[in-house]
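To start, the structure itself, in structure tokens.
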Amino acid sequence: MQFVIVTGMSGAGKSTVLNIFEDLGYYCVDNLPPKLIHNLADFCLEGGSGIELVALGIDIRGVNLFDDLFEGLEALDARHLPYTILFLESADDTLLNRYKETRRTHPLSKNGTIVDGIAEERQLLETVKQRATYIIDTSMMLTRQLRETIVEIYVDRKNFDLMIHVQSFGFKHGMPVLADLVFDVRFLPNPFYVPHLKMQTGLDEPVRDFVMKSEVSQKFLRDLTDMMLFLVPHYIKEGKNQLVIAIGCTGGKHRSVTIARGLHDAMQNAGYSAVINHRDITK
């Protein structure tokens with residue numbers, strides 16, 4: 001039996017994630033009062049319930065009940081039921097835009113602005129975020145990319161000790177919020193200044209070939225891969241569940257995408273679970 005606690009910032013995509021889990025065969029309950037987690041656990045343990053995979057949406061709508069979450073998790077521990085906490089993050093400006101587009105009110109903004117509500121929620125959720133098994137930043141994710149990440153973590157994982165997220169980005173669009181390691185590849189040959197490559201991306205082979213024909217690019221990718229293969233076992237030994245590696249160039253379309261692809265493939269070939277996200281490729 002496996003429990004997944006889906007929580008995080010309001011507007012970061014918890015409903016979407018619960019729909020994904022439902023498609024994967026999970027029994028999903030949204031906005032369950034945390035004090036009832038032990039009741040649900042006992043029900044699932046009853047013979048004949050047929051429930052083995054459970055995803056619970058716990059969010060700030062139950063603000064007065066949130067302190068009971070850890071008590072609920074202790075109840076799962078007492079019953080020897082494994083669980084993970086999946087925390088959904090998103091940038092403040094992204095959350096603000098989503099609320100403006102949907103014209104919904106933030107659950108904590110009834111006596112203030114949406115911005116005030118987001119700030120208060122971040123503070124309230126900090127302890128839960130620190131306990132999270134996985135943190136996913138949905139700021140620039142399409143639903144398809146979010147689904148792929150969920151499937152990789154909870155269905156297709158080959159190495160259950162660590163999930164590696166490789167992300168390409170453009171420095172001119174801002175630094176990734178959740179990056180553990182950031183590498184600047186703006187020193188590599190830039191396809192942007194080649195007319196027939198300018199409108200392509202690192203997903204196109206002509207761009208990849210242009211970047212990787214440089215000996216500097218080849219050596220950098222080799223050395224970066226070697227360093228990560230050295231570091232990852234130490235992160236696993238430390239007990240780290242998730243590692244976010246960000247590769248940045250100027251716009252996030254050519255060089256960073258190319259190197260991110262190479263690193264992602266190398267980590268998968270080494271037997272690690274790795275997902276890739278190109279944050280700024282469409283900008």
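The values are calculated or read from the model by the stated rules, or taken from the named source; none is laboratory data. Here the structure is a predicted model, which is why all the values come from computation and not from measurement. Counting neighbours? That spans all protein chains shown, and the Cβs are built from the backbone with ideal geometry, glycine included. Side chains included, ligands, DNA and RNA excluded: accessible areas come from the protein's heavy atoms. Shrake-Rupley method; radii C 1.70, N 1.55, O 1.52, S 1.80 Å.
Placing a pseudo-label 7 Å from each Cα along the Cα-to-Cβ vector at D42 and R222 gives an inter-label distance of 6.3 nm.
For the chain, take N as its residue count and report Rg(C-alpha) divided by 2.2 N^0.38 Å.
Working: Rg = 20.6 Å, N = 283, 2.2 N^0.38 = 18.8 Å.
The reported ratio for this selection is 1.10.
Proximity of backbone amide H atoms, modeled 1.01 Å from N, is registered between Q2 and L53, V54 at under 5 Å, excluding neighbours fewer than 5 places apart on the same chain. The portion of the accessible surface of the chain made up by carbon and sulfur, rounded to a whole percent, is 51 (1.4 Å probe; DNA, RNA and ligands excluded). Label separation (D68 vs Y193): 6.3 nm, computed from points 7 Å beyond Cα along the C-beta direction. Nearest 10 degrees is fine. How inclined is helix 92-102 to the longest principal axis of the chain, computing both from alpha carbons? The answer is roughly 70 degrees.
Counting other Cβ atoms within 10 Å, keep those with at most 15, restrict to DSSP loop, and tell me which trypsin sites (Lys or Arg not before Pro) in the range 105-134 are left. Answer by residue number: K110.
Taking the C-alpha atoms only, the angle from helix 69-78 to the longest principal axis of the chain is near 80 degrees. Computed with a 1.4 Å probe over protein heavy atoms only, the accessible surface of the chain comes to 50 Å² per residue. The share of Cα pairs per 10 Å bin across the range 68-180, counted from zero up to the longest distance, runs 11, 34, 36, 17, 2 percent.
Once the Cα atoms are used to define both axes, helix 14-23 deviates from the longest principal axis of the chain by about 90 degrees.
The alpha-carbon of K283 sits under 20 angstrom from the alpha-carbons of these lysines, leaving out residues fewer than 8 places away in its chain: K172, K198, K253.
Ordering Q130, F220, Q242 by the projection of their Cα atoms onto the charge dipole of the range 128-283, which places +1 on the Cβ of Lys and Arg and -1 on the Cβ of Asp and Glu, puts Q130 at the extreme positive end.
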